[in-house]
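Colleague: First the structure, which I've put down as structure tokens, then a few questions once you've had a look.
What follows is calculated from the coordinates using simple rules that are stated; it is not laboratory data. Remember, it's a predicted structure, so these values are computed and weren't measured experimentally. Here the Cβ positions follow ideal geometry from the backbone for every residue, glycine too, while neighbour counts run over all protein chains shown.
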Amino acid sequence: MEIRRVQMTGGSSYIVTLPKHWIQSLGIQKNDPLHIHVQSDGSLLLTPRVIQDHEQRNIEFDTRTIQKPTYLLQRLIGAYIAGYTTLKITSPSRITVQDRNIIRSFTQLAIGPEVVEETDTSVTLKDLLNPIEMPLDRTIKRMHIIVKGMLEDAMRALETRDPLLADDVQSRDNDVDRLHWLVARQYNILLHNVNLAEKMNMTIGMASTCFFIGRIIERIGDHAVKITQNVPRLIDTNTDQKIINQLLNANTLALDIFNKSISAFFKKDIGASHETIDTVKNLETLCEEINALVPKQKGSIALSVGYVVESTRRIGEYAEDISENVINYLVAEHHE
């Protein structure tokens, strides 16, 4: 780290000299413009060029270096989340049907990428979504609404013995995954583009909190799916109604904790976050009471009840993680 003293010139202007090696490494010449970005913590970010609203980043994948079609999907998802705007898939010969199906599947899963050019040996995807049009906090709200509905319907399926409703809950998990990828992508784009963060009226701290909360909500959605996967087995067997009622109570409490943790985030309510964390203990106690009833059930029933209880408990613990992230963010914001 270098320390340079502020000097005054002309009686009214303050100046600081710039490191020579920095100037030379970037090829900056006399009279070239430099751009100053004021950060939320009072520091200054100096850049040698104007950062575009949406910086264009390109990446290319050669199918010869990718052993399986599923590996191609994983790399496309990785590039999308990393913030690349143009993804090109090439092959020395005709692209296989399997690879084309993977590419098509990716465009259906991810929000934004579309095929803009296609030949026998290449496919080019371009992200058509303007990041400013999808603020991180709005995406978090959408994720919460979907997962909230999944949890409600998971227990409603058990209460009404409706296996079709349980299947419908599982189908919604793809929507949660898509939004989770979008949040991760937006966050990575903001890290590369300070100017965009300013236009979205969002600090990096806020973006980081949204990223962590989005990841947690996605995991809660996964547990909603695990619950519904065990609902049919409980529907088809003579499960003790007392256990069913206890499962419904536990899920209601877990959902309440989840809702309050998200509400505290948007209201920036640190007190509510503390209260939410305290409530998790009540959920853990309730889950222990249900587990005490499980040994009296048949093997398959006991196994399914155990899975549902574990997922319900994990939902409460993930909601606790959300509250902890909110507290960390609000404390940091208060002292900036």
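Colleague: With springs only between Cα atoms under 10 Å apart, run a GNM on the chain and tell me which of 101, 249, 174 wobbles the most.
Modeller: For the chain, modelled as a Gaussian network with Cα springs under 10 Å, the answer is 101.
Colleague: Could you size up the charge dipole of the stretch 58-129 around its Cα centre, putting +1 on the beta carbon of Lys and Arg and -1 on that of Asp and Glu, and report it in debye to the nearest 20?
Modeller: Charge dipole, the stretch 58-129, about its Cα centre: 220 debye, nearest 20.
Colleague: Take the chain, mark every one of the trypsin sites (Lys or Arg not before Pro) that falls in a DSSP loop and has at most 11 other Cβ within 10 Å, then report the longest stretch left between them, sites excluded. Don't skip to the end; give the middle numbers.
Modeller: Details: sites that count: 4, 5, 30, 49, 94, 298.
It works out to 95-297.
Colleague: If you wrap a convex hull around the Cα atoms of the chain, how much volume per residue is inside, in Å³? Walk me through the numbers before you get to the answer.
Modeller: Values: hull volume 65.1 nm³, N = 336.
Per-residue hull volume (Cα only) is 194 Å³.
Colleague: When the Debye formula is applied to the Cα atoms of the stretch 17-168, each taken as the same point scatterer, what base-10 log of I(q)/I(0) results at q = 0.09, 0.19 Å⁻¹?
Modeller: For the requested q values the scattering log ratios are -0.54, -1.09.
Colleague: Please state, rounded to one decimal and in Å, the Kirkwood hydrodynamic radius that the stretch 217-336 gives when every pair of distinct Cα atoms enters the mean of 1/r. Write out the running numbers ahead of the final one.
Modeller: Numbers: mean 1/r = 0.0664 Å⁻¹.
With all distinct Cα pairs of the stretch 217-336 included, I get 15.1 Å.
Colleague: Please tell me which of these pairs span more than 31 angstrom C-alpha to C-alpha: 242/268; 126/260; 199/260; 68/298; 68/126? Walk me through the numbers before you get to the answer.
Modeller: Numbers: 242/268 39 Å; 126/260 38 Å; 199/260 29 Å; 68/298 42 Å; 68/126 23 Å.
Correct reply: 242/268; 126/260; 68/298.
Colleague: Explain nothing, just the number: relative contact order of the stretch 132-334, from Cα pairs under 8 Å at least 6 residues apart, as a whole percent. Working shown, then result.
Modeller: Working: 242 pairs, mean separation 55.6, N = 203.
Averaging sequence separation for qualifying contacts and normalising by length gives 27 percent for the stretch 132-334.
Colleague: Still on this structure, please answer the following. Once Lys and Arg get +1 and Asp and Glu get -1 on their Cβ, which of 103, 309, 272 lies farthest toward the positive end of the dipole of the chain?
Modeller: Positive-most Cα among the choices belongs to 103.
Colleague: Obtain the radius of gyration and the Kirkwood radius of the stretch 58-129 from its C-alpha atoms and give Rg over Rh. Spell out each step's value before the answer.
Modeller: On the way: Rg = 10.8 Å, Rh = 11.9 Å.
Ratio value, two decimals: 0.91.
Colleague: Restricting attention to the stretch 272-336, which chymotrypsin sites (Phe, Trp or Tyr not before Pro) occupy a DSSP loop and are surrounded by at most 16 other Cβ atoms within 10 Å? Walk me through the intermediate numbers first.
Modeller: Values: sites: 307, 318, 329; in loops: none.
Sparse-neighbourhood loop chymotrypsin sites (Phe, Trp or Tyr not before Pro): none present.
Colleague: If you don't mind, another one. Would you work out the charge dipole size for the chain about its Cα centre, treating the Cβ of every Lys and Arg as +1 and the Cβ of every Asp and Glu as -1, and quote it to the nearest 20 debye? Present the calculation step by step, with values, prior to reporting the outcome.
Modeller: Working: 37 positive and 43 negative charges, 151 e Å.
About 720 debye.
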